[in-house]
1. Accessible surface of Asp42 in the full protein assembly, 1.4 angstrom probe, to the nearest 10 Å²?
2. Where Rh denotes the Kirkwood radius from the mean inverse Cα pair distance, what is Rg over Rh for segment 72-151?
3. Just subtract the alpha-carbon distance of Lys343 and His308 from 0.36 nm times their residue separation and send over the number in nm, one decimal.
4. Gaussian network model of the chain, Cα springs within a sub-10 Å range: biggest mean-square fluctuation belongs to which of Ile294, Ile39, Ile249?
5. Over the heavy atoms of Asp22, what accessible area does a 1.4 Å probe trace out, to the nearest 10 Å²?
6. Can you give the accessible area of Glu2 in Å² (nearest 10), computed on protein heavy atoms with a 1.4 Å probe?
7. Set the Förster radius R0 to 51 Å, insert the Cβ-Cβ distance between Lys374 and Thr94 as r into 1/(1 + (r/R0)^6), and round the FRET efficiency to 0.05.
8. What FRET efficiency comes out for the pair Asp360/Thr150, r = Cβ-Cβ distance, R0 = 35 Å, nearest 0.05?
Amino acid sequence: MENEQILGVDKAHVWHPYSSMDSVHPVYPVASASGVRLILSDGRELIDGMSSWWCAIHGYNHPEINRALEAQLQKMSHVMFGGLTHQPAVDLVTQLVALTPDALQSVFFSDSGSVSVEVAMKMAIQYWYAKGQSSKKYFLTIRNGYHGDTFGAMSVCDPVTGMHSLFQDTLTQQYFVDAPSCSFGQPCSDVDIAAFEQTLKTEKEHIAAVIMEPIVQGAGGMRFYSAEYLKRVRELCDQHHVLLILDEIATGLGRTGKLFACNHADVTPDIMCIGKALTGGYMTLAATLTNKDISDTISQGDPGVFMHGPTFMANPLACTAALTSLQLLLASPWQSNISRIEKQLASGLEPCRAINGVTDVRVLDAIGVVELDKPVDMAVIQPLFVDAGVWIRPYGKLVYLMPPFIIENEDLEEVTTAVVDILSNYPLKL
Ligand SMILES: Cc1ncc(COP(=O)(O)O)c(C=O)c1O
C-alpha cells in the first residue's frame, strides 16, 4: 500500500488513542523500527524520545528478542493457561520473584497494565472479603495519579487530570488526597503527610488498599515525589491495617535508576503491578505480584479461588519476550546508561528554562519533563518535531522524554536540541 492509501484507510476507519475520528492531527505511517529509530514509510527516520510510552527500553527490532521469539514460535504461540502451564511462564515467574522485593511470591499474569491494576484491586477486595471484612472495599489514592483506562483503574486516576471526568457518575467513588508537595530528594514532613494520614485513620474500615505510583506520577502530571513520603505511606498502611498497592507499570524495570521505584524508599508493597517495559516493548503483558499472606487468605477463604482469568493469560510469546528482555537488561550496564541519560537530559533541557511559557524543567533518571503554562497545540507542534527528525509526543502542558536506555549521546542530543529549538520558536508558529 502506498502512504496515501494507508492514511486514507486510517482516516476513514481507525480510532487512535485519546483521539477523535474527525481528528485534524496528523498520524505518521511507520514502515519499520530499529535501534532507537522509527523509519516512516516515506523514508524519513525519527529518533525515538518516547520508548513507545515507556516500553521499548532496548530499542526496536532487537536481534536477541527476535531470535527468542522465532524459536518460541516453532513450539507454540499460545495455549490457554487454565489447567496448563509452560516453560516461558515458569521461567519468567522465577525471574520476577527473584528481582522484586522478597515478600512478593505469587504472580498473576494479564494482558495489559490497566488489567493488572484491576487484578490488584480485586485481590485487595477479595483479601478483606475472605477475612470477613467486606466493608473494606474502597481505595485511597493521591491526586494526579494515572492507573489506566478500565473502570476500576479509572476510579483511582486523578478525577480532573485523569482524562476520565466524564465517567465520574458511573465510577466507584474512591478516597483522594492531594498529591505530595515534597519533591524527590526532599524530606517529608508531618504536614506533608497529614491529609493522607487523617483520611486513612478515619476511613480505614472502608479502605481495602492505598494505590499509588511510586516516586513518579506519570500520565497524571509527570511529577516526582519524595521517597520519604512513600516510606511514611507504608508505615501508615501497616499501622491502620490497609494494604499497599504500588503501580510500577511505568516506573518498573530501571527507568528511575533502580530496578523498581519502590527501591528508592526501600518499601515492599503488598501488591505490585508491572507492565509496559516488561516485554521490552515487544507485545502486551503485565503481572500483578503479591505476598503469601494475601494469596493464602484468598485461596483459603470463600470462594476459595481468585476471580479472574484472562484468555491470553501468560501468553508464551509474551513471556518469552519478557524473559529475554529481562536477561538483556540485567546483562547490560543499565544503571550507568540511566545516569548518563539523566546527565544529558538535565544539561540538554536546561536552556528550556529561559524560554517564554516554560514553567518548569525537571529530570529524574531517564525521564525529562518540560512543563509549559498552557497546553500545546498538537496539530502545530507534532509536525515540527517530525520535521526535526525526532519522535516526541507531548500531551497537555507537558513535553516529556523517556528514551530507550540504549540511546547514544549524539542521538539524545538531537532529541533535546529539537525540544529547545522547537519550544523557542513554537509560540511564533501558533
Ligand atoms: C502507571 C500506569 N499504570 C497503568 C497504566 C495502564 O497501562 P496500559 O496502557 O498497558 O493498560 C499506565 C499506562 O500509561 C501507567 O502509566
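1. 80 Å²
2. Details: Rg = 16.1 Å, Rh = 15.5 Å.
Taking Rg over the Kirkwood Rh, I get 1.04.
3. On the way: separation 35, 0.36 × 35 = 12.60 nm, distance 4.32 nm.
Gain on stretching Lys343 to His308: 8.3 nm.
4. Per the Cα network of the chain with a 10 Å cutoff, Ile39 tops the list.
5. My reading of the accessible area for Asp22 is about 130 Å².
6. 130 Å²
7. Numbers: r = 49 Å, r/R0 = 0.96.
For R0 = 51 Å, the calculated efficiency reads 0.55.
8. On the way: r = 31 Å, r/R0 = 0.88.
The formula returns an efficiency of 0.70 here.
The values are calculated or read from the model by the stated rules, or taken from the named source; none is laboratory data. Everything numeric in this text was worked out from a predicted model, so none of it was measured. All Cβ positions, even for glycine, are placed from backbone atoms using ideal geometry, and neighbour counts span all protein chains on display. Each accessible area value is taken on the protein alone, full model and side chains, heavy atoms only, with ligands, DNA and RNA left out. Shrake-Rupley method; radii C 1.70, N 1.55, O 1.52, S 1.80 Å.
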